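K.L.:
Here's a structure for you.
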């Protein structure tokens, strides 16, 4: 598929992963990247609060608990990549 001249490019979420399926618009502003990272952190906090507030956490099977832990890991990784991209954007002066 050819990229249109009117559409922005794609930047991998993690710079070292050039074959990544996840990324962001290359023309995204630092504030946009920062906001997206913050949303992911709030999602992680919400999930952790929900898990810590349940009285039956010990009764959860390994599969649902493992899925929750995987979600936390992915969201934290995404947030770290977005915060890094926001910082780099600010350093370039494109905020």
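K.L.:
Could you work out the relative contact order of the chain, using alpha carbon pairs under 8 angstrom and six or more residues apart, expressed as a whole percent? Could you put the intermediate results ahead of the total?
P.N.:
Values: 79 pairs, mean separation 34.5, N = 95.
Rounded, it is 36 percent for the chain.
K.L.:
Could I ask something else about it? So which residue, out of 13, 22, 60, gets the largest mean-square fluctuation from a GNM of the chain using Cα contacts under 10 Å as springs?
P.N.:
Fluctuation is largest for 60.
K.L.:
Between 11, 54, 38, where does the largest GNM mean-square fluctuation fall for the chain, given springs only between Cα atoms within less than 10 Å?
P.N.:
Maximum among the listed residues: 54.
K.L.:
Let me ask something else. How much of the calculated P(r) for the chain lies past 21 Å, in percent of all Cα pairs?
P.N.:
Values: 2012 of 4465 pairs.
Across the chain, Cα pairs with separations above 21 Å total 45 percent.
K.L.:
Now a separate question. Over the chain, with a Gaussian network built from C-alpha contacts below 10 Å, which listed residue (43, 80, 16) shows the highest mean-square fluctuation?
P.N.:
16
K.L.:
In degrees between 0 and 90, to the nearest 10, how far off the longest principal axis of the chain does helix 62-92 point, with axes built from Cα atoms?
P.N.:
Between the helix axis and the principal axis of the chain, the angle is about 30 degrees.
K.L.:
With everything on Cα atoms, drop me the angle between helix 30-53 and the longest principal axis of the chain, reported from 0 to 90° to the nearest 10.
P.N.:
Tilt of helix 30-53: around 10 degrees.
K.L.:
Rounded to the nearest 500 deg cm²/dmol, what is the calculated helix-only ellipticity per residue at 222 nm for the chain, with -39500 (n - 2.57) per DSSP H run of length n ≥ 4?
P.N.:
Details: 2 runs with 55 residues, N = 95.
That comes out to -20500 deg cm²/dmol.
Throughout, read-outs are computed from the coordinates displayed, never taken from laboratory work. Note that the structure is predicted; figures quoted are calculated from it, not measured.
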